[in-house]
Amino acid sequence: MEKLHAWQPVTFIKGRNNGDLGFMNVSGRIDHFKISFTDLMNSTIDVIYDQTDGLIGYSVWSYRYSTEYGRFDLLSKEMDRSGIQDPNALYFYKVTNSDYIKWFDMNPLINGQTNPELEHHLYLNGNDIIEVLSEYEPRFVKR
């Protein structure tokens, strides 16, 4: 069963809960993938995946978007919140035993077994869900 692990890579994203995130834009190309959103303080934050030196040569392996209605199953997932460093800062999730990675594992050439560092990152607010498969953690830039 999938498990969600709270992941707080930075503590400058302020809010009471993930409903305080305002997704603004998602853009992707071979050499970068970027998610932009605002927080409770009206700061704009960019989540940037821009490393292409891995096995596949793309900035991310895969990404997908859904609404809260498309992933209602997230409410029933086991959650580990031990990764929260600052209770006043927002956090995201890393998913272990990921069904998304298992789906990707059907590829016999490149998969979670050939690349065990592959991670499933989950970003959500009250309405939107963005999931990313990547071999590395992104940069978080406040502007």
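The residues listed here are R64, R71; of these, the one that is farther than 27 Å from R143 by Cα and out of contact with any Cys (no Cβ under 9 Å at 6 or more places or on another chain) is R71. Taking (1) within 13 Å of the chain's Cα centre (by Cα); (2) assigned to a strand (DSSP E or B); (3) not aromatic (F, W, Y) in turn, P9 satisfies each apart from (2). Looking across segment 55-82 at every residue that is farther than 19 Å from I130 by Cβ and touching a strand residue (DSSP E or B) at 6+ places or on another chain (Cβ under 9 Å), the one that is surrounded by the fewest Cβ atoms within 10 Å (Cβ to Cβ) is identified as S82.
With surrounded by 11 or more Cβ atoms within 10 Å (Cβ to Cβ) and within 19 Å of Q8 (Cα to Cα) as the only criterion, which of D86, D99 stands out? The conditions single out D86. Of the residues making up segment 101-143, those that are of a type in the set (V, I, T) and out of contact with any Lys or Arg (no Cβ under 9 Å at 6 or more places or on another chain) are I101, I110, T114, V141. Figure legend. Inter-residue proximity from segment 128-141: first residues under 17 Å from Y58 (Cβ atoms) and touching a residue at least 60 places away in the same chain (Cβ under 8 Å), second residues among the polar types (S, T, N, Q) and part of a strand (DSSP E or B), beta-carbon distance below 6 Å, spacing 6+ or different chains. Indicated pairs: L133/S62. Only residues that are on the phi < 0 side of the Ramachandran plot, surrounded by fewer than 17 Cβ atoms within 10 Å (Cβ to Cβ), in a loop (DSSP other than H, G, I, E, B) and not acidic (D, E) were counted in segment 41-54, giving 3. Among residues of segment 69-87 being within 24 Å of P116 (Cα to Cα), assigned to a loop (DSSP other than H, G, I, E, B) and of a type in the set (D, E, K, R), the one that is modelled with the lowest pLDDT is K77.
Just one of (1) crowded, with 18+ Cβ neighbours inside 10 Å; (2) part of a loop (DSSP other than H, G, I, E, B); (3) not small (G, A, S) fails for F33. It is (2).
The values are calculated or read from the model by the stated rules, or taken from the named source; none is laboratory data. Treat the numbers as computed from the prediction; the structure is a model and nothing was measured. Here Cβ is always computed from backbone atoms with ideal geometry, including for glycine, and neighbour counts include all displayed protein chains.
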